[in-house]
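Peer 1: Would you mind keeping the following structure in view while I ask a few things?
The values are calculated or read from the model by the stated rules, or taken from the named source; none is laboratory data. None of these values were measured; they are calculated from a predicted model. A quick note on method: Cβ atoms are made from the backbone with ideal geometry, for glycine too, and the neighbour counts reach across all protein chains shown.
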Amino acid sequence: MLGVPPAFAAEGKVMLVTVKCHDMFVIEMGQKRYALLEWYGSYRPEKGDIVTGNFLHFGVQNMLVSQRRLHVWVDDYDLSQDQINDKLAGKCE
């Protein structure tokens, strides 16, 4: 396995992938809560992908998209839509 402990693994859907903003992308965690991640390597996520990993821990994480490795930085999590918009506006100026 790629270092994603099953007890902490969750699934989320990629809702947005930025092109001009530090390779940031948004994961829907469920119940209209979101995580903001930055792509660091391996598979590049696309809108609609289902990502499996630990979204509730800041920092570098290894995740999976259909058995493909995804290396990310978890910037923030458990955010509302407004909080995601504010965070992206601050990072993508």
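Peer 1: Look through the range 68-91, keep the residues that are of a type in the set (A, V, I, L, M, F, W, C) and surrounded by 14 or more Cβ atoms within 10 Å (Cβ to Cβ), and return whichever of them is farthest from Glu38 (Cα to Cα).
Peer 2: Of the residues in the range 68-91, the ones of a type in the set (A, V, I, L, M, F, W, C) are 70, 72-74, 79, 84, 88-89.
Those left that are additionally surrounded by 14 or more Cβ atoms within 10 Å (Cβ to Cβ): 70, 72-74, 79, 84, 88.
Working: Leu70: 10, Val72: 5, Trp73: 5, Val74: 7, Leu79: 15, Ile84: 13, Leu88: 11 Å.
Per the criteria, the residue is Leu79.
Peer 1: Among the candidates Leu64, Leu79, which residue alone is touching a helix residue (DSSP H, G or I) at 6+ places or on another chain (Cβ under 9 Å) and on the phi < 0 side of the Ramachandran plot?
Peer 2: Leu79
Peer 1: Looking at the structure I just gave you, is Ile27 crowded, with 18+ Cβ neighbours inside 10 Å, free of Cβ contacts under 8 Å to residues at least 40 places away in the same chain, outside any loop (DSSP other than H, G, I, E, B) and within 14 Å of the chain's Cα centre (by Cα)?
Peer 2: It is true that Ile27 is crowded, with 18+ Cβ neighbours inside 10 Å, free of Cβ contacts under 8 Å to residues at least 40 places away in the same chain, outside any loop (DSSP other than H, G, I, E, B) and within 14 Å of the chain's Cα centre (by Cα).
Peer 1: Among the numbered conditions (1) under 9 Å from the mean Cα position of the chain (by Cα); (2) outside any strand (DSSP E or B), tell me where Tyr34 comes up short.
Peer 2: (2)
Peer 1: Does the range 43-70 hold any residues that are farther than 13 Å from Val14 by Cβ and either at pLDDT 95 or above or of a type in the set (Phe, Trp, Tyr) (or both), and which are they?
Peer 2: Phe58, the sole residue that qualifies.
Peer 1: Could you tell me how many of the residues in the range 46-67 are out of contact with any Asp or Glu (no Cβ under 6 Å at 6 or more places or on another chain), surrounded by fewer than 14 Cβ atoms within 10 Å (Cβ to Cβ) and assigned to a strand (DSSP E or B)?
Peer 2: 2
Peer 1: Which of the residues belonging to the range 68-93 are assigned to a loop (DSSP other than H, G, I, E, B) and farther than 15 Å from Val17 by Cα?
Peer 2: The initial filter retains those residues of the range 68-93 that are assigned to a loop (DSSP other than H, G, I, E, B), namely 80, 92-93.
Once the filter is applied, which keeps residues that are assigned to a loop (DSSP other than H, G, I, E, B) and farther than 15 Å from Val17 by Cα, the range 68-93 yields Ser80, Glu93.
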